[in-house]
Amino acid sequence: MKGRCFSIVFLLGLRTVMLERFRVFVPDYPIIVTVGDDVVLDCQLVPAVSLDKLEVRWFTSDSAFPVHLYTGGQDRSDVQDKAYEGRTELFKDELPRGNASLKLKKIKASDEGSYTCFIDSGTYRDEAVMNLKVGGFGHRPWVHLEENNKEGLRVVCKSDGWYPEPEIWWVDGNGQVLTTQSETEFIKDSRGLIAVQSHIDITSDSVNKFSCFMQSRVLSKKQEAHLQISAEFFPKANAWLVIFWVVAGLVITAAAVDLMVHRKEDKKIKELQLFCTLEGYNEVEIDYVSVTLEMETANPELEVSEDLKSVRRTRTERSLPDTGKRFMYWSCVLGSEGFTSGRHYWEVEVVRNREWSLGVAAESVERKRGIRLSPETGFWTIQRDDYYYHQFNINSSPRYPLPANPYGKVGIYLSYESGTVSFYDADTKSHLHTFTGNKFTDKLYPFFRTWDENKWLRICSEASGLLHHQ
């Protein structure tokens, strides 16, 4: 009898020990995810012991704090790595079935690396390591021509939003690969994403079509852009014909100079008249709106002046509450007054600021993450950017260079009913660009973005006279 009791006790003890032992399983292949997406890091306990009373810890090797910690039946966000704050969660309904999988939200380039799923019952523990690979699929490249320092031209291909550095290659119109002739530069931005600029130098002996390809090394997807160069850039002129035109040009230069001056003045007058009579201006008054900035929308890196007329980006990120209206990713701010009808005009001084975007934005635009500024995303803007792109651009899909360079004041004109947003160089009174064909339904606000540190954008108190009757 004693022997039988001993056997039963022994078997029960053995069963208890066996239940305490478990294994942690994670995928043995890399998990691939795109920047900005969410991902689930799978982790399963075998046998499927309930995790409600156990400790579940996710961590990386390069941080002293956990990515996520669940212990004592609750999440411990107070000890969590700040880089993951508000971006992780366990599947609580799955914990009784031994599922310790972690959901990681809004993936960043810096999230790439090895993650350990660690389970501790108090008497037994086990862990497993998995690899997360992050890929940023960049924007469609923009290809354009520039002059090089030698005789000839330079074909430049630019794109941003990549991670890691993409594979780049060039092909000409004959199918010949030109990659060895190219020079490429990679620049990492504050988000850890890569901006790419690649170029090849060409001469009159080159073919006239070039293609630029960029491919993600992680996502196995590519972007491409093509450029067809007109023969006018490399004319095959007869030498005697050149001499003839040079002589002829000298003969008529004196008369032409006077004519060109007058035509230039006439062009400015016509542009001004066109603007002043735009959509029956003589019948409907334009509102010279006194724009002020809305503090609740300003990115924490921005400093707004006391009179709410000026804004600049600083090196210090202020601890400001998320009002639900605030731009948390880009260094942007909106005007305090929005428009749902009418014609409105205001001017912004951009002197000495070399990196800005100006225009209007819809009330419903994305403010928590980075997106491309374009009409498709609710932004009608132009920009100056000395860092990544051609100096002055129209923010559309794709971007296009501005025909003129506003260095002093930029005038913005919104006509809500006709769906147009126009931009003017207020100093030279010349037209820069007009977005047309829009059907506005959302409330629109004056939009300001600057990433040139400590350089002010100033809203002019009065219009320069560009729209006043002549």
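The values are calculated or read from the model by the stated rules, or taken from the named source; none is laboratory data. Values in this document were obtained by computation on a predicted structure and should not be read as measured data. Quick reminder, even Gly has a Cβ in these numbers, built from the backbone with ideal geometry, and neighbours come from all protein chains shown. Accessible surface is based on the protein model in full, side chains and every heavy atom, while ligands, DNA and RNA are left aside. Shrake-Rupley method; radii C 1.70, N 1.55, O 1.52, S 1.80 Å.
Under 5 Å between amide hydrogens, which residues at least 5 positions from residue 400 or on another chain qualify, with H placed 1.01 Å from N in the peptide plane?
394
Once amide H atoms are placed 1.01 Å from N in the peptide plane, what residues at a sequence separation of 5 or more from residue 178, or on another chain, have their amide H within under 5 Å of its amide H?
170, 171, 172
Would you list which aspartates and glutamates come within 18 Å of residue 409, measuring only between C-alpha atoms, while excluding same-chain residues fewer than 8 positions from it?
271, 347, 349, 355, 385, 386, 425, 427, 452, 462
Any chance you could check the Cα centroid distance between the range 118-197 and the range 349-423 for me, in angstrom?
25 Å
Reachable aspartates and glutamates from residue 221, Cα under 20 Å, same-chain residues fewer than 8 places away excluded?
Once the sequence-local aspartates and glutamates are set aside, what remains near residue 221 is 37, 38, 112, 160, 165, 167.
For the range 315-470, what is the charge dipole size about the Cα centre, in debye to the nearest 20, if Lys and Arg each add +1 at the Cβ and Asp and Glu each add -1 at the Cβ?
On the way: 20 positive and 18 negative charges, 57 e Å.
The calculated dipole for the range 315-470 is roughly 280 debye.
Quantify, in whole percent, the carbon and sulfur part of the accessible surface of the range 41-193 (1.4 Å probe; protein heavy atoms only). Before the final figure, lay out each step's value.
Numbers: 3460 of 7790 Å².
Carbon and sulfur together cover 44 percent of it.
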